[in-house]
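Structure record follows, encoded as structure tokens.
Where a number appears in this text, it was derived from the coordinates with a stated rule and is not lab data. All of these numbers come straight from a predicted model, not from anything done at the bench. Neighbour counts run over all protein chains shown; Cβ positions are idealised from the backbone, glycine included.
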Amino acid sequence: EYSHLMMLKRGGVGHEPEGVAGTAPGALAVHCPCCPRPGINIPDDFQNAPPEKQ
């Protein structure tokens with residue numbers, strides 16, 4: 001319970017009008033900075049890059 005409350009606190013949902021019940025599923029998920037995401041940490045056209053650049 002404590003870790004869940006800390007996730008809510010760190011997620012900034014402590015002052016939401018709907019309260020904890022109004023938190024959408026996945027709203028507190030932490031995105032992995034290593035996972036490739038087009039337009040964020042790899043180019044949008046990465047599939048068209050030559051093999052030596054992939």
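Over all Cα pairs of the chain, how is the pair count split among 10 Å bins, expressed in % and running from 0 up to the last occupied bin?
Bin by bin from 0 Å, the calculated values are 19, 33, 19, 18, 11, 0.
So in the chain, which Cys have no other cysteine's beta-carbon sitting under 4.7 angstrom from theirs?
34, each lacking another Cys Cβ under 4.7 Å.
For residue 15 and residue 41 in the same chain, what is the full-extension length gain: residue separation times 0.36 nm, less their Cα-Cα distance, in nm?
Answer, rounded to one decimal: 6.1 nm.
Can you list the HN-Hα couplings for segment 10-26, worked out from phi with the Karplus curve (6.51, -1.76, 1.60; θ = phi - 60°), rounded to whole Hz and with x for Gly and Pro?
5, x, x, 9, x, 10, 5, x, 7, x, 5, 5, x, 6, 6, x, x
Once amide H atoms are placed 1.01 Å from N in the peptide plane, what residues at a sequence separation of 5 or more from residue 16, or on another chain, have their amide H within under 5 Å of its amide H?
Amide H neighbours of residue 16, under 5 Å, 5+ apart: none.
Along the Cα→Cβ direction, 7 angstrom out, place labels at residue 48 and residue 34. What is the inter-label distance in nm?
Between residue 48 and residue 34, the simple spin-label model gives 3.1 nm.
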